[in-house]
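Below is one structure, written out as C-alpha cells, with a few remarks after it.
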Amino acid sequence: MTNDNVLVIGGGVAGIASASKLADNGFQVYLVEREPIIGGHAASFGCKATETCSQCSVCLVSEKMREVTAKPQISLVVNSEVVRISGSIGDFEVDLLQKPGVVDPEKCIACGICTEVCPCEPKKGIFLPSPEAIPHTYILDRTQCLRFKGAECNVCQDNCPVGAINFEQKPNSKILKVSAVIVATGFEAFDAREKGLLGYGMYSNVLTGLDLERIINGQEWITLPSNGNSPRNIAFIQCVGSRDEYIGHGYCSQVCCKYAMKFAKLLQYQDSEAKVTIFYIDLQTTGKGFGEFYEACKKTIRFIRGIPVEIREISPDELEVKYEDLAKGKIAKENYDLVVLSIGIAPRKDSWDLAKILGINLGNYRFFDTQDTLDSNRTNIDGIFLAGTCHGPKDIPESVAHGIQAASKVIQTLKARTA
Amino acid sequence: MDSELRLGVFLCDCGNTLSKAIDFSTIKTDLENLPDVTYVNISHDLCLETAQKAMQKDIEDKGVNRVVVAACSPELYEKGLISVIQAAGVNPHLLSIANIREQCFWAHPDKTKAAKKATTQIKLALNRARFLEPVEKTRIPVNRDVLVIGGGIVGIEAALELSNLNLKTTLIEKEAILGGKLNQFPNLYPLQVNPEEMLAARLKDITERQNIDVLTSAELIDVNGEVGNFSARIKESNEEVVRNFGAIIFASGYNTQFSSQIYGFELSNNIITQSKLEEILKFSSEVKEIPKSVCFIVDVSGEHSRVSTLSALRNALGIKEKFGSEVCILCRNLKIDGAGLEKLYRDCRNNGVLFIKFDHLPEISKQNGKIKIEVEDVLVSEEQVSISYDLLVVEETSVPPPDSRFLSSALNIGLDTQGFYQENNIHLYPTASNREGIFFAGNCHADLDLMRALTEASNVALNAYQLLAQEKITVEAERVIVDPNKCRFCLTCIRACPHHAIREVEVDHEKMAAQIVDLACQGCGICAVVCPAKAIKCKDGSDEQILSELEPFGEHV
C-alpha cells in the first residue's frame with residue numbers, strides 16, 4: 001500500500017495508538033521505547049472499579065498494548081533512545097542507541113525460573129515487570145542484582161532453559177530511515193518533594209496518587225505504610241504541582257480530580273468505615289458520565305475548599321494537616337492517618353534534550369509546542385508530529401485520541417507529498 | 001466440512017517448568033490413542049519463532065486440519081498462533097486453545113489437582129476442536145463516499161481531512177450557511193484565533209476541493225442499508241434526494257437552552273443568555289447602550305458543563321476588552337480542565353474580572369432597573385454579600401439537537417440518558433456508534449472544547465478512511481447463519497441485535513426469514529441465544545461445541 005516508514009518515539013498509550021493506527025493503514029512503524037517494556041505510565045496504573053466500573057480507562061491500556069504484538073507492521077525497539085536525526089520529511093535518518101538489556105526478549109519464554117532461583121531477597125533482581133508486560137519478557141533490575149553489586153552470581157543465567165540471559169551484551173546502535181516522526185514521550189509525574197512542607201518522602205503515610213496507582217496495580221489493598229492497617233481517615237490534597245505559577249506549572253493537569261474521587265470511592269469500598277476528605281481549589285467534574293459519579297461522591301466524601309499548606313507527623317500513625325477554614329476564616333488543624341497528594345502531570349525534565357536533537361520548539365511550561373494553535377500535532381519541523389501528554393496534560397482516552405490524530409496527520413501529510 | 005478429521009495437538013511445557021508437575025509423555029501417549037488424533041507434539045517454547053516454524057511444518061507434513069494447543073494464556077499468544085496455522089493452510093477458526101499455565105499450574109498450589117485440571121482442559125479443547133467450523137473471508141465491494149452530518153467546525157474539519165485522504169465527502173448542514181457555532185462566537189479564547197478568519201479560511205478551502213460536496217438547508221431523513229452501502233434520504237430545501245455512502249459521520253453538535261424553571265425568572269432586557277451576549281459582542285458597533293457592569297452566573301442548572309464555564313470566561317474577557325465594563329463571574333467550581341484555560345482564568349483576573357464562588361444558589365432580584373444579587377462568598381466569609389449589576393448573563397444548558405431522537409430511532413443508534421448520541425464503548429471506541437460505519441464526532445455525543453472536538457474530527461476521518469481505504473471490505477462470511485427452514489420470522493433477533501445486522505429476506509414464495517448481514521455483524525452471538533426456534537448458529541460458539549466441552553466434566557460429576 002505504501003513504502004513509508006514512520007518512527008514513533010515513546011511506547012506509552014499515545015505512541016501505541018499512533019503506531020497501531022499507522023500499521024492498520026499499511027505503514028511500517030518503528031516503535032521506540034527507552035524502557036524494557038511498553039505501556040508507559042498508564043501501564044503502572046490499576047483498575048479503580050468498586051462494585052461498578054468507575055471508568056478510569058486503565059483497562060484500555062493492556063488492550064492497546066496487545067495491538068502492538070498483534071500487528072507485524074510494528075517493529076518494537078525497546079531499551080532504546082534517539083540520539084541523532086538528520087534529513088527532512090520523507091527522508092529522515094535516525095540514530096538509535098540501544099542500552100544493553102540482560103534478558104533477550106526474542107528468546108525469553110517467560111517461564112519464571114530465573115525469578116525462582118534468584119538469590120536476591122526480599123525483592124528479586126530479575127522478574128516479570130507486569131503480568132501483561134510487552135514484550136512478554138523478564139527484566140533484570142541492576143539496582144537489585146548481586147552481579148551488579150560486584151558478586152560472582154550466575155544463577156539465573158545457568159538455569160535459563162533457553163539461554164536468554166547474557167550479562168556480556170554491549171550497547172548497540174541502529175540507523176533507521178523514516179518518512180515521518182511522531183514524538184510521544186509522555187510526561188513526568190510532579191515530584192511532590194518540591195513541596196517540602198507537605199512532607200512527601202519524609203513521612204511514611206504521605207503518599208502520592210501515583211503511589212496508590214502502583215499499589216492497586218499489584219492488585220493489593222491500600223494499607224498504611226507505617227503499620228499495614230487499612231486507612232480509616234484519609235485526606236486527598238488536590239493541585240499538588242498544578243495550577244501553580246510559582247513553580248512554573250500554571251495549568252490544570254486535568255486528571256487529578258477524577259483519579260482522586262475514584263480512589264476515594266475505592267478506599268470506601270475496601271473499608272466502608274473509611275472517612276475521606278478532599279481538599280481542592282475547583283473540582284473538575286466534566287466529562288461524559290462523570291457528573292453522576294461526582295453526585296454519588298458528594299454523599300460519602302467531605303469536600304473542603306482550599307489547599308493545606310503544611311503537614312506534620314505527630315506520631316508514626318498520625319498526620320496533622322494545617323489548612324485555612326474558609327467558613328470560619330481561621331487556620332484549622334485536623335488529623336488523618338493517610339494523606340494522598342494528587343500530583344499532576346509535568347513535562348519531562350529531559351524534554352529539552354530531545355527538543356535539541358529533533359530541532360522542535362518547547363512551548364508554555366516546557367511541553368513540546370506546535371506550529372499552529374489550531375493544529376495540536378504539527379511541530380515547527382515539517383514531518384515531526386506530537387502525540388499525547390508530551391504536548392500537554394491529557395487523560396488516557398484523550399492521549400489515545402491524540403495519538404490517532406497524529407497518525408491521521410502523518411497519513412494526510414505523506415499522501416499530499418506523493419500525490 | 002472436510003471429510004476426515006485430522007487433529008493435531010501441540011503441548012508446550014514452558015521451558016520444562018510445567019513438566020515437573022505433569023508427565024507430558026503420558027498425556028502424549030493418551031492423546032495419541034484417541035480417535036482422529038493424527039499428531040501430538042511436545043514443545044518447550046511454543047511462543048518463540050523457531051518452535052512456531054516447526055509447528056507450521058508439522059501441520060503441513062502431517063496434513064493436520066484442526067489444531068489444538070495446550071500452553072499459556074491465549075491472551076498472550078493466540079494471535080501469533082493464528083498466523084502460524086494460517087500460514088500452514090488451516091482456517092484460523094479451526095484453532096482450539098487450552099490454557100494450562102495461567103489457569104492450571106500457576107493458579108493452583110496443589111500440583112496434582114492442577115495436573116488433573118490441565119488434563120481435563122486439554123480434553124475439553126480437543127472435544128471442541130472436533131466441532132469447529134471454518135469461516136471464510138470474503139471481500140464485499142463498498143461505496144467509498146462519506147456523509148458528514150453537520151456543517152459546524154467539526155463537520156468542516158472532518159470533511160477536509162477526509163478530502164486529504166482522497167475520500168469523496170458530502171457535507172450536509174441544516175442551516176443556510178456553514179460554520180455552526182463559529183458564526184456566533186465573538187472570540188475563541190483561550191486560543192488567539194479569530195473565529196471569522198478561521199472559518200473563512202476553511203470555507204475557502206472547501207470550495208477549492210473537488211471531492212467535497214456541500215448541501216445547505218439540508219436534513220437527513222432516513223438511512224437504509226449497512227456499512228459500505230448506506231443509502232441516505234436527504235431533504236435539500238424542498239427536494240428529496242437519495243445518495244449512497246460507505247460511512248456516515250454525525251457531527252451535528254449541540255443546541256443551547258435557557259430553562260426558566262431552574263432560575264425562577266424569565267429573560268428580560270437586563271437578564272440575557274450567553275448566546276444573546278455573544279450576539280451583542282459580535283456586533284458591538286451597533287450597540288447603543290453599553291452595560292457598565294455585567295455579572296455572569298454558571299453552575300446553576302448542573303455543575304458539570306465544560307461548555308458553559310468556557311463561554312462565561314471567554315465572554316467575560318471579551319466584554320472587558322470591548323466595553324471595559326465591570327465584570328463578575330459567579331460559579332461553584334471553575335472548570336478549567338482544558339488546554340490554556342487556567343491561563344484564560346488568570347487573564348480574566350488580571351483584567352479585573354471578579355470571581356465569586358458559591359455553595360448555595362444566590363438570590364437574584366430586580367431593584368431600580370438593576371439586578372441585585374445576594375450571595376454567600378465561600379472564599380471570604382460566611383456573610384452574605386449584596387451586589388448589584390446592570391446586566392445578568394445566565395448560562396444555558398447544552399441539549400441534543402432536536403432531530404437526534406428521531407434519527408436515533410430511524411437509524412437504530414443509541415442515545416445516552418441526556419439524549420446525546422451514545423458511543424459504542426466509551427473507552428475503546430469513543431467515536432464509534434453501535435452500528436458499524438456510523439461515527440460520532442464533537443459535541444453531539446460529549447461535552448468538549450474546541451481542541452478536543454478537532455481531535456475527534458481527525459479520529460473519525462481516519463476511522464472512516466481505514467474502513468473505506470480499499471474498494472472492497474474484507475469480512476468474515478457467514479460467521480453467524482440463519483437456517484431459513486427453522487426460522488419462524490418472529491423478529492426476535494432483529495429486535496435483539498445491537499448492531500442492526502439482521503434484515504428480512506424473502507426466501508421462498510412469500511416465506512420470509514431473517515438474514516445476517518455479514519458487513520454489519522460483529523459476531524456477538526446474541527441472536528443465536530435469543531432465537532426461540534434455534535434457527536441461528538454462531539460458528540464460533542455453536543451448541544455442539546459448548547456441549548462437547550462440557551463432556552469431560554461428566555467424569556467428575
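The values are calculated or read from the model by the stated rules, or taken from the named source; none is laboratory data. This structure is a prediction, so every number in the text was calculated from the model and none was measured. Heads up, the Cβs are rebuilt from the backbone with ideal geometry, glycines too, and the neighbour counts pull from every protein chain shown.
Can residue A:184 be described as aliphatic (A, V, I, L, M), touching an Asp or Glu at 6+ places or on another chain (Cβ under 6 Å) and over 21 Å from residue A:48 (Cβ atoms)? In short, no.
Looking across the range A:168-185, the residues that are in a loop (DSSP other than H, G, I, E, B) and under 26 Å from the mean Cα position of the chain (by Cα) come down to A:171, A:184, A:185.
Restricting the first member to the range B:544-557 and to residues that are in the same structural domain as residue B:125 (by TED's automatic domain parsing), and the second to residues that are at pLDDT 90 or above and exposed (fewer than 11 other Cβ atoms within 10 Å of the Cβ), no beta-carbon pair is closer than 9 Å while six or more apart or on different chains.
The single condition among (1) at pLDDT below 95; (2) within 21 Å of the chain's Cα centre (by Cα) that residue A:404 does not satisfy is (1).
Scanning the range B:261-297 for residues that are in a loop (DSSP other than H, G, I, E, B) and out of contact with any strand residue (DSSP E or B) (no Cβ under 7 Å at 6 or more places or on another chain) returns B:264, B:266, B:268, B:269, B:283, B:287, B:288, B:289, B:290. Hey, can you tell me all the residues within the range A:173-222 that are free of Cβ contacts under 8 Å to residues at least 12 places away in the same chain and at positive phi? If the condition is that a residue be free of Cβ contacts under 8 Å to residues at least 12 places away in the same chain and at positive phi, then A:201 is the only one that fits.
Considering only the range B:327-346, state which residues are surrounded by fewer than 22 Cβ atoms within 10 Å (Cβ to Cβ) and free of Cβ contacts under 8 Å to residues at least 40 places away in the same chain. Correct list: B:332, B:346. In the set (1) surrounded by fewer than 19 Cβ atoms within 10 Å (Cβ to Cβ); (2) modelled with pLDDT under 90, the condition left unmet by residue A:136 is number (1).
Under 7 Å by Cβ, and 6 or more places apart or on different chains, what pairs join a residue from the range A:311-338 that is within 14 Å of another protein chain (Cβ to nearest Cβ) with one that is in a strand (DSSP E or B) and surrounded by fewer than 16 Cβ atoms within 10 Å (Cβ to Cβ)? That search, which allows pairs on different chains as well, returns A:323/A:332; A:324/A:331; A:325/A:332. The criterion of at least 2 residues that are among the aliphatic types (A, V, I, L, M), touching a residue at least 40 places away in the same chain (Cβ under 8 Å) and out of contact with any His (no Cβ under 7 Å at 6 or more places or on another chain) is met, among helices (runs of 4 or more DSSP H) falling completely within the range B:59-173, by B:111-130, B:153-164. Hey, does the range B:233-246 have a residue that's assigned to a helix (DSSP H, G or I), of a type in the set (D, E, K, R) and surrounded by 13 or more Cβ atoms within 10 Å (Cβ to Cβ)? No, the range B:233-246 contains no residue that is assigned to a helix (DSSP H, G or I), of a type in the set (D, E, K, R) and surrounded by 13 or more Cβ atoms within 10 Å (Cβ to Cβ). I'd like to know if the range B:413-421 contains one or more residues that are more than 14 Å from chain A (Cβ to nearest Cβ) and either on the phi < 0 side of the Ramachandran plot or at pLDDT below 95 (or both). There is at least one residue in the range B:413-421 that is more than 14 Å from chain A (Cβ to nearest Cβ) and either on the phi < 0 side of the Ramachandran plot or at pLDDT below 95 (or both).
Residues in the range A:160-187 that are within 14 Å of another protein chain (Cβ to nearest Cβ), of a type outside the set (A, V, I, L, M, F, W, C) and surrounded by 14 or more Cβ atoms within 10 Å (Cβ to Cβ): 1 in all. How many residues does the range B:186-206 contain that are in contact (Cβ under 8 Å) with a residue 60 or more places away in the chain and either within 14 Å of chain A (Cβ to nearest Cβ) or surrounded by fewer than 18 Cβ atoms within 10 Å (Cβ to Cβ) (or both)? So the count comes out to 5. Quick one: in the range A:377-418, of everything that is of a type outside the set (D, E, K, R) and out of contact with any helix residue (DSSP H, G or I) (no Cβ under 9 Å at 6 or more places or on another chain), which residue is nearest to residue A:14 (Cα to Cα)? Among those residues, the one meeting the criterion is A:393. Listed by first and then second residue, the pairs linking a residue in the range A:70-86 that is without any contact (Cβ under 8 Å) to a residue 40 or more places away in the chain to a residue that is surrounded by 16 or more Cβ atoms within 10 Å (Cβ to Cβ), with Cβ atoms under 8 Å apart and 6 or more places separating them unless they lie on different chains, are A:70/B:79; A:86/A:92.
For the range B:41-98, give me each residue that is within 11 Å of chain A (Cβ to nearest Cβ) and acidic (Asp, Glu). The answer is B:45, B:49, B:75, B:78. Scanning the range B:373-384 for residues that are touching a strand residue (DSSP E or B) at 6+ places or on another chain (Cβ under 6 Å) and either within 14 Å of chain A (Cβ to nearest Cβ) or within 15 Å of residue B:267 (Cα to Cα) (or both) gives B:376, B:377, B:378, B:379, B:384. Scanning the range A:318-342 for residues that are assigned to a loop (DSSP other than H, G, I, E, B) and within 11 Å of residue A:235 (Cβ to Cβ) yields a total of 1. Against the list (1) of a type outside the set (Phe, Trp, Tyr); (2) closer than 30 Å to residue A:363 by Cα; (3) more than 14 Å from every other protein chain (Cβ to nearest Cβ); (4) surrounded by 20 or more Cβ atoms within 10 Å (Cβ to Cβ), the condition residue B:352 fails is (4).
Among the residues making up the range A:195-232, those that are within 13 Å of residue A:344 (Cβ to Cβ) and within 19 Å of the chain's Cα centre (by Cα) are A:208, A:209, A:210. Filter the range A:381-419 down to the residues that are small (Gly, Ala, Ser) and within 7 Å of chain B (Cβ to nearest Cβ), then identify the one that is farthest from residue B:454 (Cα to Cα). Checking each candidate, the answer is A:416.
Mind listing just one residue for me: the one in the range A:106-145 that is part of a loop (DSSP other than H, G, I, E, B) and hydroxyl-bearing (Ser, Thr, Tyr) and, of those, nearest to residue B:48 (Cα to Cα)? Ranking the qualifying residues of the range A:106-145, first place goes to A:137. Note on the range A:188-198: residues that are crowded, with 16+ Cβ neighbours inside 10 Å and either modelled with pLDDT under 95 or among the β-branched types (Val, Ile, Thr) (or both) total 1. Among helices (runs of 4 or more DSSP H) entirely within the range B:442-540, having at least 1 residues that are small (Gly, Ala, Ser) and either within 14 Å of chain A (Cβ to nearest Cβ) or surrounded by fewer than 17 Cβ atoms within 10 Å (Cβ to Cβ) (or both) singles out B:450-468, B:492-496. With the structure loaded, tell me whether residue A:222 is of a type in the set (Val, Ile, Thr), out of contact with any strand residue (DSSP E or B) (no Cβ under 7 Å at 6 or more places or on another chain) and surrounded by 18 or more Cβ atoms within 10 Å (Cβ to Cβ) or whether it fails that test. Yes. Please find, within the range B:139-166, the residue that is surrounded by the most Cβ atoms within 10 Å (Cβ to Cβ) out of those that are farther than 17 Å from residue B:456 by Cβ and out of contact with any strand residue (DSSP E or B) (no Cβ under 6 Å at 6 or more places or on another chain). Out of the qualifying residues, it is B:144. Restricting the search to strands (runs of 3 or more DSSP E) fully inside the range A:1-81 and requiring at least 2 residues that are more than 19 Å from the chain's Cα centre (by Cα) and more than 14 Å from every other protein chain (Cβ to nearest Cβ) gives A:5-9, A:28-32.
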